[in-house]
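Note sheet for the following structure.
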Amino acid sequence: MRIWKIRLNSWNNAVTKTKINVFSENIFSTREINERKFINIAKKVLRFYLSEIFEKSCLAGYDFNTISFDFLYCDSKKTHEINKEYRNKDYPADIITFAIFADSEEKFIFDGEINLGEVIIAIDKVEEEARKKGTGFDYELAFLISHGIMHLLGFDHQTEEDYNFVVGMQNTALEGILL
């Protein structure tokens, strides 16, 4: 019974009382990003995920009061450089996620704050995908933001089942936020 109470308190704390710090920087010079808007979307997406999948995330079982993570908006040339240098992959990516907390053996929490990591998004790839799908830039950027947050929380998509879960959660989160 005590374990359930701890888990319930952890879940309630994660959803309702956790402070969320999202930092962003746009180094993509040819397009302005409404960073405040997308920071707010990121916070709403994270709160949704915490309410729906907290117990399955890398945060389950940890005591914290603040979650932080970063976004870097750049071009595909930069993601190609990062992919090559840090991941030994020789191609540009639309998104690269460095999930510091989820991927670490030691779950470091400093003064109640968890730094989940960094999400790097190639804005030219977002524009290309929006044109290809006809969905609009804002939707595609929000979709990648929600995808990056899933990775920061420890979710991957190596199998079809995992992919369907991740994309399904993204779609559900964005339905409630963007409509």
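The values are calculated or read from the model by the stated rules, or taken from the named source; none is laboratory data. Source: prediction; values computed, not measured. Positions of Cβ are generated from backbone atoms using ideal geometry, with glycine treated the same way; all protein chains shown enter the neighbour counts.
Figures for the structure shown
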read-out	value
Hey, E25 outside any helix (DSSP H, G or I) and exposed (fewer than 15 other Cβ atoms within 10 Å of the Cβ) or not	yes
Number of positions in segment 88-110 that are over 19 Å from T66 (Cα atoms), without any contact (Cβ under 8 Å) to a residue 40 or more places away in the chain and in contact with an Asp or Glu (Cβ under 9 Å, 6 or more places away or on another chain)	2
Residue count, segment 38-50 (criterion: touching a residue at least 24 places away in the same chain (Cβ under 8 Å) and either among the charged types (D, E, K, R) or within 13 Å of M150 (Cα to Cα) (or both))	8
Given (1) closer than 16 Å to K37 by Cα; (2) buried (at least 20 other Cβ atoms within 10 Å of the Cβ), number of the condition L174 does not satisfy	(2)
Residue count, segment 94-115 (criterion: over 21 Å from A142 (Cα atoms) and assigned to a loop (DSSP other than H, G, I, E, B))	8
In segment 169-179, residue modelled with the lowest pLDDT [restricted to those that are over 19 Å from C58 (Cα atoms) and in a helix (DSSP H, G or I)]	L178
Members of segment 139-168 that are part of a helix (DSSP H, G or I) and of a type in the set (F, W, Y)	Y139, F143, Y163, F165
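For every residue, the table says whether it meets (1) buried (at least 19 other Cβ atoms within 10 Å of the Cβ); (2) modelled with pLDDT under 95.
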residue: K43; (1), (2): no, no
residue: T79; (1), (2): yes, no
residue: A93; (1), (2): no, no
residue: S104; (1), (2): no, yes
residue: K107; (1), (2): no, yes
residue: E113; (1), (2): no, no
residue: I121; (1), (2): yes, no
residue: K132; (1), (2): no, no
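Each row is one residue, and each column tells you yes or no for (1) touching a Lys or Arg at 6+ places or on another chain (Cβ under 9 Å); (2) in a helix (DSSP H, G or I); (3) closer than 25 Å to L174 by Cα.
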| site | (1), (2), (3) |
| --- | --- |
| P92 | yes, no, no |
| G117 | no, no, yes |
| D124 | yes, yes, yes |
| K132 | no, yes, yes |
